[in-house]
């Protein structure tokens, strides 16, 4: 298979790949908002503790980013690709950092010192 035939195969598979990313993104967004099985770690679950809701936020952001990358693949837009990739990297890093610090504080007893 020569290089031109490979490029043609990739171009033909782009709509299917983009649609699959959009479906995966919608599923992740729904899971982040409503929570996992049993409703745990859902952003919209008012009965969950704040840490579990923050984990739901992280999954919801991942869903938006994956769906946005799917839209970028469907439209062949490098601008959308880099925009969603940048948002995904920054927001997921930030949410993961906050959750890790929160868990570390809980593991140490969560004592707050008055300065």
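Only the coordinates and a few stated rules stand behind these numbers; no lab work does. Because the structure is predicted, anything quoted here is derived from the model rather than measured. Here the Cβ positions follow ideal geometry from the backbone for every residue, glycine too, while neighbour counts run over all protein chains shown.
Let me have the relative contact order for the stretch 13-107, percent, based on Cα pairs under 8 Å that are six or more residues apart. Present the calculation step by step, with values, prior to reporting the outcome.
Values: 144 pairs, mean separation 27.8, N = 95.
Once divided by the residue count of the stretch 13-107, the mean separation gives 29 percent.
How far apart, in nm, are two points set 7 Å out from the Cα along the Cα-to-Cβ line at residue 47 and at residue 16?
4.3 nm
Considering Cα pairs under 8 angstrom that are at least six residues apart, work out the relative contact order of the stretch 12-64 and quote it in whole percent. Each step should come with its number before you reach the end.
Working: 77 pairs, mean separation 19.6, N = 53.
Rounded, it is 37 percent for the stretch 12-64.
Using a basic spin-label model with each label point 7 Å from the Cα along Cα→Cβ, how many nm lie between residue 24 and residue 106?
2.8 nm
Using Cβ counts within 10 Å as a stand-in for footprinting exposure, how do 84, 17, 97 rank, fewest first? Kindly include the intermediate steps, with their values, before the conclusion.
On the way: 84 21, 17 14, 97 10.
The order, fewest Cβ neighbours first, is 97, 17, 84.
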